[in-house]
Structures are given as C-alpha cells and as structure tokens.
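For reference, the structure discussed in these notes is given below.
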Amino acid sequence: MAAESVDSGSMAQKPNIFRIKNKIRRAEVYKEMKKEQRKIQKKEKKRKMVEAKALGDKAPPKKIPRTIENTRVYDETMVNSLDDEVRKDEAEDEMSTYFNRKTTPKVLITSGDKPRTRTNQFCKELKKCIPNSQIYYRRGLDLKKIIPQAVSKDFTDIVIINEDSKEPNGLVISHLPDGPTAHFKMSNVRLTKQLKRHGAMTGHMPEVILNNFNTRLGHTVGRLLASIFPHDPDFHGRRAVTFHNQRDFIFFRQHRYMFKNAKRVGLQELGPRFTLKLRSLQKGTFDSKFGEYEWVHKRHEMETSRRKFFL
C-alpha cells in the first residue's frame, strides 16, 4: 500500500500512519519514520558543523532555542545581586547573622509522630548530608514546644519532614530564632540505595550551589536553603550540594566531582534526591494558626500562565 510505504529519500512525503488500521503495522511504520527523521537531522547537523568550520569567524551565530524559561513573563521583582538596595535589605534580614559569619549552622531534624520506615531512612540520609545536624524524635511533643528548646540549645534551624501514605511528602525549614519559615511540597524522593552507581558519602563539608533564584522571593528562599550548610566547604572532599530552580521546582542533588584529566570532569551522585515546590513563606518561626505569611501559593489564582514563575 502507498500509505504504508516510507519514503526514505524525502521527508516531504510523510506516510499517513493513522490510515493504517493494523496496530502492529502502524507501530512499525511510525518507528521507520522516526528513524528516517533522525538520519536527516543527523545529516543536517553534520552539514552545519562542516559549514561553520569552513566559514570560521564568518559563520552565522547559533540560534537560541525558544524555551519556557527564556520567554517567561516579566516579573518586576527580578533583582540583580549587585543592586545596592538588595544588598542593604539582605544585610538586615533574618539570615544576615549567618552570612556575616556570626553564627555557625546547627540543624535539628525531626518528623511527625511515629514516622514510617521510609521517612526514618530519609531523615538519616538528610543528617549525613547536612553537617552538624541532629535527629530528634518528637514522641508526641508539640512543635511549638520544641522550638524554644531548640533555641535554648543554640540550634540555628529546624527541619521538619512530613509524610503521607508512608511516604515523605513535605518539608518545612524554620530559621531560628526569628524565622522565616518555608513550607515545601516534596516529591520524587529517591533514597541513596535506589540510585544506580551511587557513591559513598564522606564527612567533608560540601560546596553549596544555588541556581536560578532570581526574584526577591527566590533570593529569600535561596538564602534560607544555604543557611543550613556550613560556611567553609572542604574542597578535598569534592562534595557538591545543588539546589537547582527550574520553573519553580527546586531539584536537590548531591554529587562528588572527579577530575578525569585536565579538561574532563565526571560526576558521581551520592544521594538522596528529591524535588521541592514552595507552598508558603511565613514570617517568624512556625505558627500555623496566627503566623503572618509573606507569600502563599494559590494555584488557581496565581498560575494564570505557563510562563509565569515566582522564584
């Protein structure tokens, strides 16, 4: 049949695969069509590389692909880290004592009452990941009573892991003693043992990498995440902790970088990995009833465009 034949010489004559009633044959034709497309794309890419090499400096510049990120809706709260007003505000905010090196991070990690096995394992891996951190099992104690005790014992931050259906699904970070408090939805949690070819974590202080926190809200969240890690990384350990913000989803990864030669560097994931989505930012420490919120995510009111982001 003419409809079933694939013209490998020209992609202008594409077969109408929807007219093929046999599902198996339709899948085969589609597979062949995609194979021909890849061949043509590869040939065109090779031709452009040869042409650019021949033209040298006169070669046309590479086209920048159109993505959701580079066509995002303009946000008036986008800031430049070199802005004097931003620097002045950050010099006086709640995390300024950390960035001025007046305090050393000391983190308390806790969860809900009677956490399940997977949540317990996640808390233990988080303790290995965050230096100078301790796990505290609540045993029915209210969080409002834990916070004053944590402040009296010189803890600078408290991290709470929430769970649902035996899976960790939420993370709250409260900076002590004056806040702020950020509540995140947590998803795609993968423990270290679930990662292929993962490495063994060492006790070296990690480097902290923050990507794409560009708005005033993003700056605050980025500074809050950075404040739970020590100031001076141990570069001999080659550990790197990354918080990568993309479309308001914060991807957490931990790697060890390995120098293969003078030009090439390899990455070995250490785990765990998870994804965060900011739900609210509250002034002061955790207070679900009477707390004053700086920002609250309201999905149906705020997500008016796929190209609008808040971090």
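The values are calculated or read from the model by the stated rules, or taken from the named source; none is laboratory data. Just so we're clear, the structure is a prediction, and the values are computed from it rather than from any experiment. Here Cβ is always computed from backbone atoms with ideal geometry, including for glycine, and neighbour counts include all displayed protein chains. The protein model used for the area step is the full one, side chains on, heavy atoms only, and it has no ligands, DNA or RNA in it. Shrake-Rupley method; radii C 1.70, N 1.55, O 1.52, S 1.80 Å.
Using the Cβ-Cβ distance between Lys46 and Asn261 with R0 = 25 Å, the FRET efficiency computed as 1/(1 + (r/R0)^6) comes to roughly 0.40. Computing Kirkwood radius over Cα pairs in Å for the structure here picks out one of [x] 23.2; [y] 19.7; [z] 25.9, namely [x]. Loop-located chymotrypsin sites (Phe, Trp or Tyr not before Pro) in the range 179-281 (DSSP state other than H, G, I, E, B) with a sparse environment of at most 12 neighbouring Cβ atoms within 10 Å: Phe235.
Sequence-ordered 3J(HN,Hα) estimates for the range 111-128 from the Karplus curve with 6.51, -1.76 and 1.60 and θ = phi - 60° stand at 9, x, 5, 6, x, 6, 4, 5, 5, 4, 5, 5, 4, 5, 6, 5, 5, 5 Hz, glycine and proline given as x.
For the chain, the solvent-accessible area with a 1.4 angstrom probe is 65 square angstrom per residue.
For the range 20-145, the gyration tensor built on C-alpha atoms gives an oblate shape. Its axis ratio a/c (a ≥ b ≥ c) is at least 1.5, and a/b is not larger than b/c.
With the Cα gyration tensor of the range 103-246 giving a ≥ b ≥ c as the square roots of its eigenvalues, does the rule (a/c under 1.5 for rounded; else a/b larger than b/c for prolate; else oblate) give rounded, prolate or oblate? Cα axes put the range 103-246 in the rounded bin. Just add up the charged neighbours of Asp154: K/R +1, D/E -1, any other residue whose Cβ is under 15 Å from the Cβ of Asp154. Charge balance in the 15 Å sphere: +1. Structure note, pairs Lys88/Lys289; Lys193/Lys277; Lys43/Lys63; Lys153/Lys193: Cα-Cα distances above 26 angstrom occur for Lys88/Lys289; Lys153/Lys193. Take the cross-link list Lys127/Lys166; Lys53/Lys196; Lys62/Lys263; Lys102/Lys260; Lys144/Lys185 and give me the ones stretching past 28 Å between alpha-carbons. Table pairs above 28 Å Cα-Cα are Lys53/Lys196; Lys102/Lys260. Here the Karplus relation 6.51 cos²θ - 1.76 cosθ + 1.60, evaluated at θ = phi - 60°, turns the backbone of the range 184-189 into coupling constants of 10, 7, 10, 9, 6, 6 Hz, with x for every Gly and Pro. Close amide H contacts of Arg247 (hydrogens built in the peptide plane, cut-off under 5 Å, sequence separation of 5 or more or a different chain): none are found.
When +1 charges are put on Lys and Arg Cβ atoms and -1 charges on Asp and Glu Cβ atoms, the dipole computed for the chain relative to its Cα centre reaches about 2520 debye. When the solvent-accessible area of the chain is split by element, carbon and sulfur atoms take up 50 percent of it, the probe being 1.4 Å. Close amide H partners of Ser111, meaning residues 5 or more places away or on another chain with modelled amide H under 5 Å apart, are Arg138, Ile161. Multiplying the residue separation of Asn188 and Lys124 by 0.36 nm and subtracting their alpha-carbon distance yields 21.3 nm. Across the chain, where is the longest run that never hits GluC sites (Glu not before Pro) in a DSSP loop with at most 13 other C-beta atoms within 10 Å? By the stated rule (loop sites, at most 13 other Cβ atoms within 10 Å), 93-291. 3J(HN,Hα) along the range 42-50: 5, 5, 5, 5, 5, 5, 5, 5, 5 Hz, from the Karplus curve 6.51 cos²θ - 1.76 cosθ + 1.60 with θ = phi - 60°, whole Hz, x for Gly and Pro. Straight Cα distances below 19 angstrom link Lys58 to the lysines Lys45, Lys46, Lys48, with same-chain residues fewer than 8 positions distant left out.
Net charge near Glu163: determine it from the other residues with C-beta under 15 Å of the C-beta of Glu163, scoring Lys and Arg +1 and Asp and Glu -1. Result for the local shell: +3.
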